[in-house]
Amino acid sequence: MPGESAEEAADGPARLYLLWIDPTAQGEAIDLNGDGHPLADGLWLVRSALDRSGLYHRIKWQLPEGAALLLAPLADQRDGWPKFKGLAPGALAWLRAGEAG
């Protein structure tokens with residue numbers, strides 16, 4: 001892809017992110033550029049080989065101009081996983097299934 005850095009294009013180890021997209025701005029399905037699990041409307045856990053900047057921009061380019069977006073890196077180890085309750089089922093199983101080692 002033009003303008004992408006070596007880090008964005010690299011097939012490195014998957015990193016874990018928390019992604020929030022304003023649900024009112026999300027029209028069509030978003031390409032998460034990795035594996036994702038929905039937690040709530042517009043809220044996702046995502047594992048991607050892209051670095052934070054690369055993933056952020058690839059998702060941003062799919063959204064309407066000015067759409068709200070948050071992408072935060074998470075430690076992909078059990079003690080770095082977020083705690084959650086009352087969200088979509090299967091999140092903990094999804095985290096465990098992708099656990100390294």
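Since every read-out is calculated from the coordinates, none of them should be taken as a lab result. None of the values given here were measured: they were computed from a predicted structure. Note that we place each Cβ from the backbone using ideal geometry, even for glycine, and neighbour counts take in every protein chain shown.
Assorted remarks:
- Based on DSSP H segments of at least four residues, each scored -39500 (n - 2.57), the chain has a per-residue ellipticity at 222 nm of -5000 deg cm²/dmol.
- According to the calculation over all Cα-Cα pairs in the chain, the P(r) per 5 Å bin from zero is 2, 12, 25, 23, 19, 13, 5, 1, 0 %.
- Using distinct alpha-carbon pairs, which all enter the 1/r mean, Kirkwood radius of segment 34-79 in Å: 11.8 Å
- The packing ranking of peptides 79-87, 14-22, 29-37, 58-66, highest mean first, is 14-22, 29-37, 58-66, 79-87, where packing means the average number of other beta carbon atoms within 10 angstrom of each residue.
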